[in-house]
Amino acid sequence: MKLSSLQLARYQYQPKLPGMLRNGISEICVKDGAPTESVADQEKIKALFPNTYGKNEITFQKGANTSPAKKQVVGVILSGGQAPGGHNVICGLYDALKATNKDNVLYGFKGGPSGLLEDSYVIFDDEYIDQYRNTGGFDIIGSGRTKLETEEQFAVVAEVCKKHGITAIVIIGGDDSNTNAAVLAEYFAAHNTGVQVIGCPKTIDGDLKNEDIECSFGFDTATKTYSEIIGNIQRDANSAKKYWHFVKVMGRSASHVALEAALQTQPNICLIGEEVAAKKMSLAQIADYIADSVAARAAKGWNFGVAIIPEGIVEFVPEFSVLIAEINELLAGSKADAFNVLPSWEAKYAFIEAGLTKESMAVFAILPQSIQQQLFLERDPHGNVQVSLIESEKLFSAMVKENLAARKAAGTYNGKFSALHHFLGYEGRCAFPSNFDADYCYSLGYNAFMLIQYGFNGYLSKVSNLSKSAEEWVAGGMPITKMMNIERRHGHDKPVIRKALVELDGAPFKFFEANREQWAVETCYVYPGAIQYFGPSEVCDQPTRTLALEKA
């Protein structure tokens, strides 16, 4: 296989570590912080995690290493969707493990959590690891979405660990995966297995963050990748001057990706789901808001523009959420079979009309037929509407077209409107990590081993002060239970890590809010260009605009 010049150069890149982790393993000690408690539902979380709750936050600093000397056999898994930098977490973990004791061993369990359950693994060595340094993707061992959440599964994992003499498991994943890590850590502690569990914060959606976790890994690279493409689309729009581009970006439960892309590119429109929910905006109000920009630009002779739409936007629209809930109920159990055998869309439409409330039917009726039908595509494993299958970028462009037609009939609009549609999803999940993500992920992995060496269990690898140079980053750990609350899931109360939504009083949104009226009417596009790996630090090593504004 012939390698590209960039791939060869990235293999040779040496990621930067936080200053205190550069001292050498023998010169790193632990500084205890304050005891912790969960973000909510403290008594319930404490009762569920009696062995791992309330532990201290810690930071690493320069000093004599006081950890007991012993051989470490560590297992690692990648869990959930891909995010740029995952390979470097494993590389950092491996390098720290081998720097401590060359006889230490790292098992990579294949295909995510199922690899642990099926005892499917590879034992890493230098030759294997070196093929993946600073590269994108999760193909080093693959990933999966199996959840580790039952006593039976935990018992199997414990037996696998016992078989191989494994002393610790590192779980690299998002909020659900790290929730599973916390529950597994509690099980291991309760059963005195001697096995530790450490988590690492991953998700390009950006919703695994809080006062301690400033940024989940992969967000930097993914948003820079999307912003490059959006910038290219804006340049094309400003050249051809005849299309409105509706660009949907990843972000099912939060709008961090859309907001960051808007901060980098300054499009005419960017919808923020959290604002839509707070203002209780209807579909018609959103369409009217976009149409206002189209009409104002058309009055200047500019029949072109760019709108960014978060993937999960419709779930933030109150009336649409009610509609989805009613559809889920309408097709519950055997009623789905009765619906599916109906011979035509007309017959199915009548079935729907008879089953929905008057208010939800009014919402359903204004949707384009293609979107109506998407609401009745294949259900998820729980029998619910798969909102990710709804082409919201096409929904809003169709509604804007109808809105503009009404304005034209009323004599208040005389422009031209032609829409093109894009969905930026998989393009960003496995890109070569930016220098920031390469450094951050390597540091998270290296730091995870320090947590293992010092005997911590149920902790998340934490690297903070990320808006500064890597030399000033602070490494440490926090109990995963600190991020947890109780939520209702499938009819049961469950401990979960609280998702972080866009804060409407936060600096990133406030900056966007202060400028978007001008962006809506004028052509203020910014063209970020491709991610740069070589050159001045101000070009190559910059964090996201979100992080810079939050830490300004």
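Measuring between their Cα centroids, the range 310-352 and the range 152-200 lie 39 Å from each other. Please state the shape class of the range 87-131: rounded when a/c is under 1.5, otherwise prolate if a/b exceeds b/c and oblate if not, all from the C-alpha gyration tensor. Prolate shape, in that a/c is at least 1.5 and a/b is the bigger ratio.
Under 1.5 on a/c is rounded, so check that first for the range 415-552, then, if it is not, pick prolate when a/b is larger than b/c and oblate when it is not; a ≥ b ≥ c are the square roots of the alpha carbon gyration tensor eigenvalues.
On the way: a/c = 2.05, a/b = 1.37, b/c = 1.50.
Cα axes put the range 415-552 in the oblate bin.
Sequentially through the range 219-236, phi angles give Karplus couplings (6.51, -1.76, 1.60; θ = phi - 60°) of 4, 4, 5, 4, 5, 5, 5, 4, 5, 4, 5, 4, x, 5, 5, 5, 4, 5 Hz, Gly and Pro residues having no value and appearing as x. Here the range 106-138 and the range 467-516 have alpha carbon centers that stand 28 Å from each other. Helix 151-164 axis versus longest C-alpha principal axis of the chain: approximately 40°, rounded to the nearest ten. Phi angles of the range 420-433 translate, via the Karplus equation with coefficients 6.51, -1.76, 1.60 and θ = phi - 60°, into HN-Hα couplings of 10, 10, 9, 10, 9, x, 5, 4, x, 7, 10, 5, 3, x Hz per residue; Gly and Pro are given as x.
From Cα pairs below 8 angstrom and at least 6 apart in sequence, can you work out the relative contact order of the range 317-430, rounded to a whole percent?
Details: 60 pairs, mean separation 25.3, N = 114.
Normalised by residue count, the contact order of the range 317-430 is 22 percent.
Using the Karplus relation 6.51 cos²θ - 1.76 cosθ + 1.60 with θ = phi - 60°, the per-residue 3J(HN,Hα) values for the range 59-70 come to 10, 9, 8, 5, x, 5, 6, 9, 6, x, 7, 7 Hz, with x marking Gly and Pro. Magnitude of the charge dipole for the range 117-232, about its Cα centre and with charges confined to Cβ atoms of Lys, Arg (+1) and Asp, Glu (-1), is about 60 debye. In this structure, the amide hydrogen of residue 459, modeled 1.01 Å from its nitrogen in the peptide plane, lies closer than 5 angstrom to those of 197, 199, 480, counting only residues at least 5 positions away or on a different chain. Ordering 143, 421, 299 by Cα displacement along the dipole of the chain toward the positive end leaves 299 in first place; charges were set at the Cβ atoms of Lys, Arg (+1) and Asp, Glu (-1).
In the chain, the longest principal axis of the Cα atoms and the axis of helix 435-453 are about 40 degrees apart.
Expressed as a whole percent, the accessible area of the chain that falls on carbon and sulfur atoms is 51 (1.4 Å probe).
Database remark: amide H of residue 121 closer than 5 angstrom to the amide H of 110 (H placed geometrically; neighbours at sequence offset of 5 or more, or on other chains; Pro and chain starts carry no H).
Once a ≥ b ≥ c are taken as the square roots of the eigenvalues of the Cα gyration tensor of the range 475-524, is the result rounded (a/c under 1.5), prolate (a/b larger than b/c) or oblate (a/b not larger than b/c)?
Numbers: a/c = 4.88, a/b = 2.14, b/c = 2.29.
Taking the square roots of the gyration eigenvalues as a ≥ b ≥ c, the range 475-524 is oblate.
Over the chain, accessible surface divided per residue gives 41 Å², non-protein components excluded, 1.4 Å probe. The residue among 495, 384, 444 whose Cα reaches farthest toward the positive pole of the charge dipole of the range 375-513, with charges on the beta-carbon of Lys, Arg, Asp and Glu, is 384. Remark: relative contact order (the range 433-546) = 23 percent; criterion is Cα-Cα distance under 8 angstrom and separation of 6 or more residues.
Dipole check for the chain: with +1 at the C-beta of Lys and Arg, -1 at the C-beta of Asp and Glu, and the Cα centre as origin, the magnitude is about 780 Debye. The residues packed around residue 433, meaning those with a beta-carbon under 15 Å from its beta-carbon, carry a net charge of -1 if Lys and Arg are +1 and Asp and Glu are -1. For residue 268, the residues 5 or more places off, or on other chains, whose built amide H falls under 5 Å of its own are 306.
Quote the relative contact order of the range 159-232 in percent (integer), defining contacts as alpha-carbon pairs under 8 Å separated by 6+ residues. Can you show the working numbers first?
Working: 84 pairs, mean separation 19.2, N = 74.
Dividing the mean separation by the residue count of the range 159-232 yields 26 percent.
The values are calculated or read from the model by the stated rules, or taken from the named source; none is laboratory data. In this text the structure is predicted, and so the values were computed from the model without any measurement. Cβ atoms come from the backbone with ideal geometry, glycine included; neighbour counts cover every protein chain shown. Heads up: the accessible areas ignore ligands, DNA and RNA and are worked out on the full protein's heavy atoms, side chains in. Shrake-Rupley method; radii C 1.70, N 1.55, O 1.52, S 1.80 Å.
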